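Undergrad: Take a look at the following structure, please.
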Amino acid sequence: MGGTWYWNRYPGARCDSESFYYCYSFSEELEQEWEWSSKYPEQPEILRYLEHVADRFDLRRDITFETRVVEARFDDETGFWEVVTEPGERFLTRFLVTAVGCLSAANVPEIAGLERFRGEWFHTGAWPKEGVDFKGKRVGLIGTGSTGIQATPVIARQARHLTVFQRTANYSVPARNAPLTPERAKEIKANYAEIHRRTRESQAGFPYFPVERSALEVSEERRQEIYEQIWQEGGFKFLWGTFNDILRDREANATASEFIRGKIREIVKDPGTAELLCPTDHPYGSKRPPIDTDYFETYNRDNVSLVDIRSSPIVEITEDGLRTEEAEYPLDTIVFATGFDAMTGSLLKIDIRGEGGLSLRDKWAEGPRTYLGLQIAGFPNLFTITGPGSPSVLVNMPVAIEHHVDWISDCIEHMAEEGALRIEATPEAEDAWVEHSNEVALETLYYDARSWYLGVNIPGKPRVFMPYAGGQPLYREQCQAVVDEGYRGFELRG
Ligand code: NA7
């Protein structure tokens, strides 16, 4: 139970969206009875919330655990999907809805020698339930994405020594986590309807009021004041609540990127380490922006060192540690915070076959193609919750998920009313959506980074910008227009 929040139980795992809007909005009772402890809850608390939801709505009886789906085949004649699980059990279903997660297929890089390592190694996205004891250990951590940035300070406090292997320096903004005071919790509970409304109407699913100002229209002094104020507040607001062109205009972005680099140089005492930690090869926000608790501060500890594997790449893992081109690092434990085969990885692990035996792996060989991120031409009655081509990972996830769940449920209900048994995106609608998605992505700075949004982190994966970058309002408007025009772009058959 809990998906992402079941598997990612690495030290420091917590949500980067605030608890009161990283939650479900479908039940007022649930909102009122659940008590969040803090602004950014830790993984165990989110998992407890998801378990509570399952119990409260009596969902467990409808869930089969410990069941890996390996195949799904559409039968042209009967119009049913046949779903096959690992032990070979078969299920027939009219509709197949995938909710396999955008960031669930762990990426353990192929580094020579891992099999002969005598210590222990772990991927953060498949963390052992019993936890890992770092006490007295020399730990190596590979990866400085959101996960590595959350895990570093916590592991550093436990380990004898922590060596962070960094390929790309990353921007990060302090989370400023704090307990939710009873007054704040009360205020939130009194305003949930408004909070949810704002999350649905905003660009990225956060309840902040939209900012209309450009970073380039204010004076240098005012700009610094705004950055400083929101840096002190902390969180994603630095991207969405400072200026409206940080993700669209290189010059505007440069002011935010430089502000963060200035903060890194202020925080990190050793100038050489500070320079290594300063990102210079991509604009802030063009990769998923992490938020942190004491990440940069951690490099001031005596038991933490940073190794630049961009200038001196990892060559191999030995029996006793890790060797780069320049040096060898003896280690007891290696932590891979190396991310995921994002957006398509979990779907393509399943052998999905549509009409005429068409394989999804073949169809997506050059990158994912969908209509609205909800359906794939050639795969009738298959719906993909937060599929590629939808805002998904660019939006606060529960908001994106609930939108899709509602859209899909309404669609199936509409079909029942109409007596339709089959719905399928037309190839023309899919082509137009892919074209539109590419156009809106080109208006942003997302192509300026080597990110998992583009699949660059996985060797051999096609370089395609996978989420929909047009923002929630435009996306929701189009999903609604499609429905209003009688499911335009879909073919419905009796
Ligand atoms: P990310 O954001 O994909 O970060 C993975 C990190 O691991 C990143 O710093 C990578 O460097 C690094 N990496 C990946 N492969 C290698 C190899 N082979 N060698 C060295 N370093 C490597 O994953 P996260 O788990 O941090 O975050 C994923 C999302 O989950 C997050 O954005 C939230 O939405 C939740 P790179 O930058 O590619 O040079």
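Undergrad: If you go through the range 36-69, how many residues are closer than 20 Å to N396 by Cα and assigned to a loop (DSSP other than H, G, I, E, B)?
TA: Summing the residues that are closer than 20 Å to N396 by Cα and assigned to a loop (DSSP other than H, G, I, E, B) in the range 36-69 gives 5.
Undergrad: D431 - would you say it is modelled with pLDDT of 95 or more, within 16 Å of the ligand (Cβ to nearest atom) and over 18 Å from the mean Cα position of the chain (by Cα)?
TA: For D431, the condition - modelled with pLDDT of 95 or more, within 16 Å of the ligand (Cβ to nearest atom) and over 18 Å from the mean Cα position of the chain (by Cα) - is not met.
Per-residue answers, yes or no, for (1) among the aliphatic types (A, V, I, L, M); (2) under 27 Å from R248 (Cβ atoms):
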{"residue": "V393", "(1), (2)": "yes, yes"}
{"residue": "N396", "(1), (2)": "no, yes"}
{"residue": "V405", "(1), (2)": "yes, no"}
{"residue": "S409", "(1), (2)": "no, no"}
{"residue": "E413", "(1), (2)": "no, no"}
{"residue": "A416", "(1), (2)": "yes, no"}
{"residue": "G419", "(1), (2)": "no, no"}
{"residue": "E439", "(1), (2)": "no, yes"}
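Undergrad: Being within 17 Å of G2 (Cα to Cα) and touching a Leu at 6+ places or on another chain (Cβ under 9 Å) is the filter here; which residues of the range 98-123 pass it? Spell out the reasoning first.
TA: The initial filter retains those residues of the range 98-123 that are within 17 Å of G2 (Cα to Cα), namely 98-106.
Hits for the range 98-123 are T98, V100, A105.
Undergrad: Which residue out of Y21, Y40 is farther than 19 Å from A342 by Cβ and within 14 Å of the ligand (Cβ to nearest atom)?
TA: Step by step, each of Y21, Y40 is checked, and only Y40 is farther than 19 Å from A342 by Cβ and within 14 Å of the ligand (Cβ to nearest atom).
Undergrad: To continue, here is another question. Can you name the number of the only condition in (1) open to solvent by less than 10 Å² (accessible area, probe 1.4 Å); (2) away from the ligand (no atom under 15 Å from the Cβ); (3) of a type outside the set (D, E, K, R); (4) without any contact (Cβ under 8 Å) to a residue 60 or more places away in the chain that S312 fails?
TA: S312 satisfies every listed condition except (2).
Undergrad: List the number of the failed condition for E18; all other conditions in (1) open to solvent by less than 70 Å² (accessible area, probe 1.4 Å); (2) part of a helix (DSSP H, G or I); (3) under 30 Å from A156 (Cβ atoms) hold.
TA: So the condition that E18 fails would be (2).
Undergrad: Go through the range 390-404 residue by residue and tally those that are open to solvent by 10 Å² or more (accessible area, probe 1.4 Å) and over 16 Å from Y22 (Cβ atoms).
TA: Here the count works out to 0.
Undergrad: In this structure, does E130 turn out to be outside any helix (DSSP H, G or I), away from the ligand (no atom under 15 Å from the Cβ), without any contact (Cβ under 8 Å) to a residue 12 or more places away in the chain and open to solvent by 10 Å² or more (accessible area, probe 1.4 Å)?
TA: Judged against the criteria, E130 is a match.
Undergrad: How about the range 143-230: which helices (runs of 4 or more DSSP H) wholly inside it have at least 3 residues that are touching a residue at least 24 places away in the same chain (Cβ under 8 Å), among the aliphatic types (A, V, I, L, M) and surrounded by 17 or more Cβ atoms within 10 Å (Cβ to Cβ)?
TA: 146-158
Undergrad: From L114, L96, L103, which residue is in contact (Cβ under 8 Å) with a residue 60 or more places away in the chain, within 16 Å of the ligand (Cβ to nearest atom) and under 26 Å from the mean Cα position of the chain (by Cα)? Explain how you work it out, then say what you get.
TA: Working: L114 fails: under 26 Å from the mean Cα position of the chain (by Cα); L96 fails: within 16 Å of the ligand (Cβ to nearest atom).
Just a single option satisfies the conditions, and that option is L103.
Undergrad: Looking at the range 155-186 only, could you name the residues that are farther than 30 Å from Q32 by Cβ, under 21 Å from the mean Cα position of the chain (by Cα) and within 16 Å of the ligand (Cβ to nearest atom)?
TA: The answer is Q166, R167, T168, A169, N170, Y171, S172, V173.
The values are calculated or read from the model by the stated rules, or taken from the named source; none is laboratory data. Just so it is clear, the structure is predicted and the values come from calculations on it, not from any experiment. A quick note on method: Cβ atoms are made from the backbone with ideal geometry, for glycine too, and the neighbour counts reach across all protein chains shown. All accessible areas refer to the heavy atoms of the entire protein, side chains included, with ligands and DNA or RNA removed. Shrake-Rupley method; radii C 1.70, N 1.55, O 1.52, S 1.80 Å.
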